[in-house]
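Note sheet for the following structure.
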Amino acid sequence: EEEEEEEEEEEEEEEEEAKTTSEKEEQQEDEEDVYFGGVLRSVVRCETCGFESTKRDPFAELTLAVPATGSKALSLPALLDSFLCEEELSGDNMWLCSQCNVKRAAFKSLRVERAPQFLCVLLNRNQFDWQTQTRSKILTDVSYSRALELVTHSNETVHYALYAAVIHSGTSAQHGHYYTIGCPSRDAVEKGDEAQWSMFNDSSVSASSFDTLANLTKTFRSDVAYALFYRRVDSTHSSDNANDDALPD
């Protein structure tokens, strides 16, 4: 009986320690970046036994792969859906299930657990040719609007407003020129269509507009967005550490 009691006490201590560690990790994630920091929840489910493994990963940006589609344009929401859609792990990519103790076919899905106050979306436009051992730039046109919706794992729809985009000009992946088109993030949320946009090109600053940004690739084929910056529209944030009134413009 004494041995059983000792084992139970040890199990309780281990559970309490694991809980404390998890709480500390979550607190640390919240303290690290309450503005640009979010959390992704990765879930892998065994197709045979149904066992699920869950992992939380903090992120400062979401990187979306842009496929080479030629002249066919894509939309940012479509790329985001592709990033978050369920993926089957099979063949050489099977998952080692800790319940079955062997590699099994499984399904992996990503969900946003905590949406950041400021969302940075990176568009990966690089492709590598193994035969020629060269890297090239993907010029696929990606359309985006002022508004973006992000659905979390709890089915909460988070609304964002676009306030800036970093543009890469040039056909090469090795070199080129970067410039930015944007407006104050608070104006993007509060003024909407009336927000004043500007172009920041080296030492030159000139008036611009969202329409100029949205139609840029149609006008200049090699000028494409590499990074898009959004500000959360709703004032409620998942982290109590972020006060909307104290946020930068």
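The values are calculated or read from the model by the stated rules, or taken from the named source; none is laboratory data. Computed from a predicted model, the values in this text were never measured in an experiment. Note that we place each Cβ from the backbone using ideal geometry, even for glycine, and neighbour counts take in every protein chain shown. Note: accessible area is taken over every heavy atom of the protein model, side chains too, but ligands, DNA and RNA are not part of it. Shrake-Rupley method; radii C 1.70, N 1.55, O 1.52, S 1.80 Å.
Could you give me D for region 133-179, from Stokes-Einstein at 10 °C and 1.306 mPa s, where the hydrodynamic radius is the Kirkwood radius over C-alpha pairs? Units µm² s⁻¹, please.
Values: Rh = 13.8 Å.
Using the Kirkwood radius from Cα pairs, D works out to 115 µm²/s.
Applying the Karplus relation 6.51 cos²θ - 1.76 cosθ + 1.60 with θ = phi - 60° to region 82-95 yields 3J(HN,Hα) values of 5, 5, 9, 6, 5, 10, 8, 9, 8, x, 5, 9, 5, 9 Hz, where x marks Gly and Pro.
Out of every Cα pair in region 28-151, what percent are spaced more than 19 Å from each other? Could you put the intermediate results ahead of the total?
Numbers: 4674 of 7626 pairs.
In whole percent, the share of Cα-Cα pairs in region 28-151 beyond 19 Å is 61.
With 24 Å as the limit on Cα-Cα distance, the pairs of 191/218; 55/103; 137/218 that go past it are 191/218.
Relative to a virtual label point 7 Å from the Cα of residue 174 in the Cα→beta-carbon direction, which members of region 110-144 show backbone nitrogen distances below 20 Å? Answer for this model: 125-139.
Given a 1.4 Å probe and every protein chain left where it sits, what share in percent of the accessible area of region 45-153 is carbon and sulfur?
48
Stretching the chain fully between residue 90 and residue 234 yields a gain of 47.8 nm (0.36 nm per residue, less the alpha carbon separation).
Leaving out ligands and nucleic acids, and using a 1.4 Å probe, what accessible area per residue does region 136-231 come to in Å²? Don't skip to the answer; put the middle values down first.
Details: 4630 Å² over 96 residues.
Per residue, region 136-231 has 48 Å² of solvent-accessible surface.
Centroid-to-centroid, using Cα positions, region 191-222 and region 97-131 are 32 Å apart.
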